[in-house]
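Everything on this sheet refers to the single structure shown next.
The values are calculated or read from the model by the stated rules, or taken from the named source; none is laboratory data. Worth saying up front: this structure is predicted, and the values here are computed from it rather than measured. Cβ: placed from backbone, ideal geometry, glycine included. Neighbour counts: every protein chain shown.
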Ligand code: FE
Ligand code: FE
Ligand code: ZN
């Protein structure tokens, strides 16, 4: 079954708000940050809202198992500064507990950035952090995201991800999240996606892929930029993305759109309109719609 959704807001009404937003896009999954992605301020989970959300999910045939949480991108396990490293460890532990409380089984994490230290040191700090975070048989799996390799980002190659994976003790509590924009920008040719997938299967194992972020890219392969583009408007292209979305070996893995909001016109810097309802529709129809930007603007304008 195709499991498709987008990232959505969480702060208003927690899971209920997220779910209602996802339903407005005709999605059957979604991903959310438990607070602002740029900071680590978090409100406590309201059990009544969670209960209400679970009922609403049941009514709409949405499985909690497919819903994904994303840790804020400012936590950095690669940091050598002991205080910052420990802060990140504790924050992620808390975030895993928050997921557990919500019944969410997947938490996506950017591995980290090796700022002012070597890549190797950064990777070892990440491993150290993960070994302090992960527990055996924990109900929430931590998914490391494949990165574009912007700046000093760790985890932009299969070798780096495998190095982390090999050195983590409780492997059953660790998985991975592929991001198509990041893969392209890191140097993976998505025209030959099977090659990458076979390599991933050999090095780590396809059963370790817990989520896939579906984004087109504004930049060429190997650009190490990480700028997402709307589906069909970037260098990856609609057909290559569709091939990944409907790949037989990736069935039943949640696919999450993180494409940019649309401005009121092409030159506008204001980004007001979520594209997800229409991108999901194109994905379900398997046909790229040349008028999709116009349709999005018309739909949300009023
Ligand atoms: Fe991410
Ligand atoms: Fe992503
Ligand atoms: Zn990105």
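Which of the following residues is within 16 Å of ligand 1 (Cβ to nearest atom) and crowded, with 16+ Cβ neighbours inside 10 Å: 217, 223? Quick ask: steps written out before the conclusion?
Working: 223 fails: within 16 Å of ligand 1 (Cβ to nearest atom).
Just a single option satisfies the conditions, and that option is 217.
Would it be correct to say that residue 92 is in contact (Cβ under 8 Å) with a residue 24 or more places away in the chain, loosely packed, with under 15 Cβ neighbours inside 10 Å and not in a strand (DSSP E or B)? Walk me through how you get there before you give the answer.
Working: in contact (Cβ under 8 Å) with a residue 24 or more places away in the chain: yes; loosely packed, with under 15 Cβ neighbours inside 10 Å: no; not in a strand (DSSP E or B): yes.
Criteria not met by residue 92.
Taking residue 106 as the residue in question, decide whether it is within 15 Å of the chain's Cα centre (by Cα), surrounded by 15 or more Cβ atoms within 10 Å (Cβ to Cβ) and modelled with pLDDT of 95 or more.
Details: within 15 Å of the chain's Cα centre (by Cα): yes; surrounded by 15 or more Cβ atoms within 10 Å (Cβ to Cβ): yes; modelled with pLDDT of 95 or more: yes.
So residue 106 fits the description; yes.
Residue 33 - would you say it is surrounded by fewer than 23 Cβ atoms within 10 Å (Cβ to Cβ) and touching a residue at least 60 places away in the same chain (Cβ under 8 Å)?
On the way: surrounded by fewer than 23 Cβ atoms within 10 Å (Cβ to Cβ): yes; touching a residue at least 60 places away in the same chain (Cβ under 8 Å): no.
Criteria not met by residue 33.
Among the residues of the stretch 102-122, are any in a helix (DSSP H, G or I), within 16 Å of ligand 1 (Cβ to nearest atom) and touching a strand residue (DSSP E or B) at 6+ places or on another chain (Cβ under 8 Å)?
So the first thing to find is which residues in the stretch 102-122 are in a helix (DSSP H, G or I), and the list is 102, 119-122.
With within 16 Å of ligand 1 (Cβ to nearest atom) added as a condition, the list becomes none.
Among the residues of the stretch 102-122, not one is in a helix (DSSP H, G or I), within 16 Å of ligand 1 (Cβ to nearest atom) and touching a strand residue (DSSP E or B) at 6+ places or on another chain (Cβ under 8 Å), which makes the answer no.
Here's the yes/no breakdown for (1) under 15 Å from the mean Cα position of the chain (by Cα); (2) under 26 Å from residue 283 (Cα atoms); (3) within 16 Å of ligand 1 (Cβ to nearest atom); (4) modelled with pLDDT under 95:
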| site | (1), (2), (3), (4) |
| --- | --- |
| 129 | no, no, no, no |
| 146 | yes, yes, yes, no |
| 155 | yes, no, yes, no |
| 166 | no, no, no, no |
| 183 | yes, yes, yes, no |
| 201 | no, yes, no, no |
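Please name all residue pairs, on different chains or six or more residues apart, with Cβ atoms under 9 Å, provided the first residue is in the stretch 68-82 and is within 13 Å of residue 154 (Cβ to Cβ) and touching a residue at least 60 places away in the same chain (Cβ under 8 Å) and the second residue is within 15 Å of ligand 3 (Cβ to nearest atom) and in a strand (DSSP E or B).
Going by the 9 Å Cβ cut-off, the qualifying pairs are 78/112; 78/113; 78/153; 78/154.
Which one is nearest to residue 205 (Cα to Cα) among residues in the stretch 253-275 that are buried (at least 19 other Cβ atoms within 10 Å of the Cβ) and within 16 Å of ligand 3 (Cβ to nearest atom)?
255
Across the stretch 138-158, what is the number of residues that are within 15 Å of ligand 3 (Cβ to nearest atom), assigned to a loop (DSSP other than H, G, I, E, B) and in contact with a helix residue (DSSP H, G or I) (Cβ under 6 Å, 6 or more places away or on another chain)?
Going residue by residue through the stretch 138-158, those that are within 15 Å of ligand 3 (Cβ to nearest atom) are 143-151, 153-156.
Keeping just the survivors that are assigned to a loop (DSSP other than H, G, I, E, B) gives 146-151, 155-156.
Now restrict to residues that are in contact with a helix residue (DSSP H, G or I) (Cβ under 6 Å, 6 or more places away or on another chain): 146-149, 155-156.
Number of matching residues: 6.
For the stretch 58-75, which positions are away from ligand 2 (no atom under 16 Å from the Cβ) and either within 21 Å of residue 141 (Cβ to Cβ) or buried (at least 23 other Cβ atoms within 10 Å of the Cβ) (or both)?
Of the stretch 58-75, the ones away from ligand 2 (no atom under 16 Å from the Cβ) are 58-66.
Of everything in the stretch 58-75, those that are away from ligand 2 (no atom under 16 Å from the Cβ) and either within 21 Å of residue 141 (Cβ to Cβ) or buried (at least 23 other Cβ atoms within 10 Å of the Cβ) (or both) turn out to be 62, 63, 64, 65, 66.
Can you report the number of residues in the stretch 203-232 which are under 19 Å from residue 6 (Cβ atoms) and either free of Cβ contacts under 8 Å to residues at least 40 places away in the same chain or more than 20 Å from the chain's Cα centre (by Cα) (or both)? Quick ask: steps written out before the conclusion?
So the first thing to find is which residues in the stretch 203-232 are under 19 Å from residue 6 (Cβ atoms), and the list is 209-218, 226-232.
Filter once more, keeping what is either free of Cβ contacts under 8 Å to residues at least 40 places away in the same chain or more than 20 Å from the chain's Cα centre (by Cα) (or both): 217-218.
Residues meeting the conditions: 2.
If we scan the stretch 38-53, do we find a residue that is surrounded by 15 or more Cβ atoms within 10 Å (Cβ to Cβ), part of a loop (DSSP other than H, G, I, E, B) and within 16 Å of ligand 3 (Cβ to nearest atom)?
No, the stretch 38-53 has no match at all.
Among 193, 176, which is surrounded by 15 or more Cβ atoms within 10 Å (Cβ to Cβ) and away from ligand 2 (no atom under 16 Å from the Cβ)? Step through it out loud before you land on a result.
Numbers: 176 fails: away from ligand 2 (no atom under 16 Å from the Cβ).
So the residue among 193, 176 that is surrounded by 15 or more Cβ atoms within 10 Å (Cβ to Cβ) and away from ligand 2 (no atom under 16 Å from the Cβ) is 193.
Against the condition under 20 Å from residue 185 (Cβ atoms) and either surrounded by fewer than 23 Cβ atoms within 10 Å (Cβ to Cβ) or within 16 Å of the chain's Cα centre (by Cα) (or both), how does residue 116 come out, does it pass?
Values: under 20 Å from residue 185 (Cβ atoms): no; either surrounded by fewer than 23 Cβ atoms within 10 Å (Cβ to Cβ) or within 16 Å of the chain's Cα centre (by Cα) (or both): yes.
No; evaluated as a whole, the condition is false for this residue.
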